[in-house]
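The structure under discussion is supplied below as structure tokens; questions concerning it will follow.
The values are calculated or read from the model by the stated rules, or taken from the named source; none is laboratory data. Worth saying up front: this structure is predicted, and the values here are computed from it rather than measured. Methodologically, a virtual Cβ is constructed for each residue, glycine included, from the backbone with ideal geometry; neighbour enumeration extends over all protein chains shown. Note: areas computed on protein heavy atoms with side chains; ligands, DNA, RNA excluded. Shrake-Rupley method; radii C 1.70, N 1.55, O 1.52, S 1.80 Å.
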Amino acid sequence: MRVTLLGSGSSQGVPEVGCGCAVCRSDHPRNKRTRASLLVETQGKNLLVDTAPDLRQQALREGFTKVDAVLYTHDHADHTAGLDDLRAFNVQADAAIPIYGNKVTLDILEQRYAYAFLPRPERAWYRPCVVPHVLPDEPVFGFTAAGVAVTAFEQVHGRIKTFGYRIDNFAYSTDVDVLPEAAFEALAGVDTWIVDCLRYSESYTHSNLERTLGWIARVRPRMAILTHMAHDFDYVRLSSELPAGVVAGYDGIIAQL
Ligand SMILES: [Zn+2]
Ligand SMILES: [Zn+2]
Ligand SMILES: [Zn+2]
């Protein structure tokens, strides 16, 4: 299994439009962060987690042309606004793309992108086409997407819930400020964990560095990778502040499991 962090940035990305801070002005390539998304390649299948507004650039940068299924964490625009770009993968596969999320998420996506939920076009792919699969609102459960076994676990993200996903011994937890006990149980024994870490200071909807490091100390993965990072974090400085086994994520970082 190979996991590529497609986007490691917060909702505005880094640099932020109009911001003159040192990180936003930095030339360091690892201080350039597109919006949060992930590609999991396993068993010959490509699972995409979320369709960030930067999906097209992420696909061109990493050179992937196949998406067998999309797992949505939640409906926020920084995780979904690239849905229209799925059209390119419809073209490549000449097939509709199955998407997974809870009912709230899929209902909102159908409101925003109703045209993508219609039956597949008869001739040319002049629009994207997705087939929704509703996941239950349960603390922890398993399902299969494109034949790959996935465990979903609920996380608290301010006033809404998000799904964390575990595939074999890899897990992804973005957009979370409180991890319920059931989520910790679902994370037990994980090898590599990519986890939310917005900034140094606290947030009502995300984790911060101190909280995320506390979670990592409890879950004890072999490797933890921080993601959904805002312009508060300079890659070089943050990297020097992290304990062994924890790394600052960046766009394009790959975990091989
Ligand atoms: Zn987000
Ligand atoms: Zn900035
Ligand atoms: Zn969010």
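Out of segment 1-109, which trypsin sites (Lys or Arg not before Pro) are coil in DSSP terms and have no more than 16 other C-beta atoms within 10 Å?
Lys66
Cβ under 13 Å from Glu16's Cβ, Glu16 left aside: what net charge do those residues give with Lys, Arg +1 and Asp, Glu -1?
+3
Please report, to two decimal places, log10 I(q)/I(0) for segment 156-229 at q = 0.16, 0.17, 0.22 Å⁻¹ as given by the Debye formula with identical point scatterers on the Cα atoms and no solvent.
Debye output, listed in q order: -0.48, -0.54, -0.93.
Non-local amide H neighbours of Ser10 (under 5 Å, H modeled in plane, Pro and chain starts lacking H): which ones?
Here Met229, Ala230 satisfy the definition.
In degrees, nearest 10, range 0 to 90: what is the angle between the Cα axis of helix 209-219 and the longest Cα principal axis of the chain?
80 degrees
Cα axis of helix 103-112 to longest principal axis of the chain: angle in degrees, 0 to 90, nearest 10?
So the inclination is approximately 70 degrees.
Taking the simple approach of a point 7 Å from Cα along Cα-to-Cβ for both Asp232 and Leu257, what is their distance in nm?
Going by the 7 Å Cα→Cβ label model, 2.8 nm.
State the percent of C-alpha pairs, over all pairs in segment 88-197, separated by a distance greater than 17 angstrom. Spell out each step's value before the answer.
Details: 3578 of 5995 pairs.
When every Cα pair of segment 88-197 is considered, 60 percent fall beyond 17 Å.
What's the whole-number percent of alpha carbon pairs in segment 114-173 lying beyond 15 angstrom?
62 percent
Turning to a different aspect of this structure: If the reach is capped at under 25 angstrom between alpha carbons, list the lysines near Lys161, excluding any in the same chain fewer than eight residues apart.
Filter leaves Lys103.
Now a separate question. Would you kindly derive the ³J(HN,Hα) couplings of segment 158-166 from the backbone phi angles with the Karplus curve 6.51 cos²θ - 1.76 cosθ + 1.60 (θ = phi - 60°), listing them in order in whole Hz, with x for Gly and Pro?
So the J values, rounded to whole Hz, are x, 8, 10, 10, 10, 9, x, 10, 10.
Less than 14 Å Cβ to Cβ from Thr34, Lys/Arg counted +1 and Asp/Glu -1: what total charge do the surrounding residues give? If you can, show how the numbers build up before the last one.
Values: positive: Arg30, Lys32, Arg33, Arg35, Arg56, Arg61; negative: Glu16, Asp50, Asp54, Glu62, Asp78, Asp85, Asp251.
Result for the neighbourhood of Thr34: -1.
Continuing with the same structure: When ligands, DNA and RNA are left out and all protein chains stay put, how many square angstrom of accessible area per residue does the chain have with a 1.4 Å probe? Let's see the in-between values first.
On the way: 11080 Å² over 257 residues.
Accessible area per residue, the chain: 43 Å².
Taking a spot 7 Å from the Cα of Asp191 along the direction of its beta carbon, which residues of segment 152-175 have an amide N less than 18 Å from it?
Those under the cut-off are 165-173.
What number comes out for the charge environment of Leu179, summing +1 per Lys or Arg and -1 per Asp or Glu over other residues with Cβ under 11 Å away?
Cβ neighbours under 11 Å give a net charge of -3.
Let me test this: with uniform point scatterers at the alpha carbons of the chain, what is the Debye-based log₁₀ I(q)/I(0) at q = 0.14 1/Å?
Per q value, in the given order, log10 I(q)/I(0) is -0.90.
Moving to a separate point now. Can you compute 3J(HN,Hα) from phi for each residue in segment 232-237, using the Karplus curve 6.51 cos²θ - 1.76 cosθ + 1.60 with θ = phi - 60°, rounded to whole Hz and x for Gly and Pro?
Listing the rounded values in order: 5, 9, 8, 4, 5, 5 Hz.
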